[in-house]
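A short reminder: the numbers here are calculations on the coordinates, not readings from a lab. Only a predicted model underlies this, so the values are computations on that prediction, with no experimental measurement involved. Quick reminder, even Gly has a Cβ in these numbers, built from the backbone with ideal geometry, and neighbours come from all protein chains shown.
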Amino acid sequence: MPKKTVYSAKIEHIQILDEQGKLDASLAKDTLKDDEVVFLYEQMSISRHYDEIAFKLQRSGRMGTYPQNKGQEAGPAGAGYAIKKRGSIDWICPCYRENLALFLNGMPMEHILLHWMGDERGNQIPPGVNILPIAIPIGTQPLHAAGIAWAQKYQKTGAAAVTFFGDGATSEGDVHEAMNFASALKLPVVFFCQNNFWAISVPREVQTGSETIAQKGLAYGMPSYQIDGNDIFASYKTVRDALKTAVEDNQPVFIEAITYRLGDHTTADDARRYRDEKIVEQWRKKDPLIRTRKYLESKKMWSDKKQAELEAKAKELVDGVVKRAEGIATPAIGDIFDYSYAELPAELVRQRESMRTASLNEYPVTETLRR
Ligand SMILES: Cc1ncc(C[n+]2csc(CCOP(=O)(O)OP(=O)(O)O)c2C)c(N)n1
Ligand SMILES: [Mg+2]
């Protein structure tokens, strides 16, 4: 029997706004209008300022740890905006490097600070906001997305699930199970992988033998794209179209967004120990904020005056967010019993009551030690 090719593949790389801020007008057609680009530039700048303040909060002992989003704002901005334009009905299953996608869809900004301050109330998502708490166990949230999308399909809500994860997460079995499940069951999921070339100190080329991350989506039978993740146009357009495919055809889609982590992995890391500064410098030139601003300036839609006004606005806004996060009342100690069971088992009732021994009105640990 003659040999024949049973499978061949190609993956498109989509860039619409290049590093110099030059737009491919034909690809940009029917995507973002000028006022939308201004809006997203402002949002990315506010997110950058938020990041800088969070970093300082950690350095001054007011926050446990924090993973900066710096340099990666455009992917979550475009994706989050595509979700927002559908009315924020889709479920977002995030990790920790896409703050802006959450902010654009109703997550109060102080919640993310609270989370990193170690206050669980940061993970109490307000009712009506279709966002899951930040997933710290790497690669677990795509499974949640597959499950949620299955429920959406079953209940015919017309909503999809969008999950964000990193290049490193694609080495976790969970991510592959989620992709296989979503594709085999034809579920409305958008898998959005931010390939920032690092998983803490493990470089992308050590992470996987694949040439692209996107081809992993192809292996599961999904339409898969690679985009310039520092380009809001590419991110918006690809996610908008992916959501349409997901919802209308019950077809999951995989997107690999090429970006770069300009900061350390978290505030507990020092990337200078393992990264070549020359490469980091090259990526600083590809910063999504710089190219978006260049584009707006070329269209006479941005000026130094507008920039100064934006910076003042970002400062005031983020100052308010920090005040709200730090000003939250101390939680009641009994809260640890109150949110897991509809009806508290007897043993826990006993524990709660003994903790609240009001006899001395003392903190329970002190009380126990005293006894
Ligand atoms: C299951 C699990 N294993 C290990 C870790 C420790 N860890 C935290 S972040 C991280 C790297 C993740 O890299 P990537 O998915 O590329 O995301 P990035 O941090 O680059 O955004 C690791 C290994 C974890 N949180 N969860
Ligand atoms: Mg990574």
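Miscellaneous remarks
- Relative contact order, percent, the chain [alpha-carbon distance under 8 Å, six or more residues apart]: 22 percent
- Rounded tilt (10° steps) of 304-326 against the dominant C-alpha axis of the chain: 30 degrees
- Prolate/oblate/rounded label for segment 13-326 (Cα gyration tensor, a/c 1.5): rounded
- For segment 134-213, averaging the sequence separation of C-alpha pairs within contact (under 8 Å, six or more residues apart) and dividing by the residue count gives a relative contact order of 35 percent.
- Peptides 52-65, 105-118, 199-212 ordered by average Cβ neighbours within 10 Å, highest first: 105-118, 52-65, 199-212
- Likely footprinting exposure, 283, 302, fewest C-beta neighbours within 10 Å first: 283, 302
- Shape call, segment 244-287: gyration tensor on alpha carbons, a/c limit 1.5: prolate
- Prolate/oblate/rounded call for segment 128-200, Cα gyration tensor, a/c under 1.5 rounded: prolate
- Helix 232-249 axis, angle to the chain major axis (alpha carbon atoms, nearest 10°): 80 degrees
- Computed about its Cα centre, the charge dipole of the chain is approximately 540 debye, with only Lys, Arg, Asp and Glu carrying charge at their Cβ.
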